[in-house]
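The values are calculated or read from the model by the stated rules, or taken from the named source; none is laboratory data. Treat the numbers as computed from the prediction; the structure is a model and nothing was measured. Quick reminder, even Gly has a Cβ in these numbers, built from the backbone with ideal geometry, and neighbours come from all protein chains shown. With ligands, DNA and RNA removed, areas are computed over all heavy atoms of the protein, side chains included. Shrake-Rupley method; radii C 1.70, N 1.55, O 1.52, S 1.80 Å.
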Amino acid sequence: MRRRVAKYRACRSCKALTTENRCPVCGSDDLTYNWEGIVAITDPLRSQLAKMLGHDKVGMYALRVW
């Protein structure tokens, strides 16, 4: 049995994860529970992964959103 610690939703625009009603990164309200994978960006200026994924702000992001 799989349990979720928190009910995160992913922004369909920028893939940021949130528990709020609006995306903290881009401000969109187009959020979904349908996502997979997590990447945490702590230093977007030095992170090669953040650059590869196109994220320029600190936060948690989904790898796949549908």
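For the stretch 21-31, backbone phi angles converted through the Karplus equation (6.51, -1.76, 1.60; θ = phi - 60°) give residue-by-residue couplings of 8, 10, 5, x, 8, 10, x, 5, 10, 8, 10 Hz, Gly and Pro being listed as x. Just to verify a number: FRET efficiency for Asp56 and Glu20, C-beta to C-beta distance, R0 = 30 Å, to 0.05? After rounding, the FRET efficiency stands at 0.90. Counting heavy atoms of the protein chains alone, Lys7 has an accessible area of about 140 Å² for a 1.4 Å probe.
The fraction of all Cα pairs in the stretch 26-66 landing in successive 5 Å bins from 0 to the largest distance is 6, 22, 29, 25, 14, 5, given as whole percents.
Per residue, the accessible area of the chain comes to 75 Å² when a 1.4 Å probe rolls over the protein heavy atoms. Atom-type composition of the exposed protein surface of the chain places 49 percent of the accessible area on carbon and sulfur (1.4 angstrom probe). Over the chain, dividing the summed -39,500 (n - 2.57) contributions of all DSSP H runs of at least 4 residues by the number of residues returns a 222 nm mean residue ellipticity of -2000 deg cm²/dmol. Placing Arg9, Arg64, Arg46 in order of accessible area, with the largest value first and a 1.4 Å probe, yields Arg46, Arg64, Arg9. Based on Cα contacts under 8 Å between residues 6+ apart, the chain shows a relative contact order of 33 percent. For the stretch 22-62, chymotrypsin sites (Phe, Trp or Tyr not before Pro) meeting the loop criterion (DSSP other than H, G, I, E, B) and having at most 16 other Cβ atoms within 10 Å: Tyr33.
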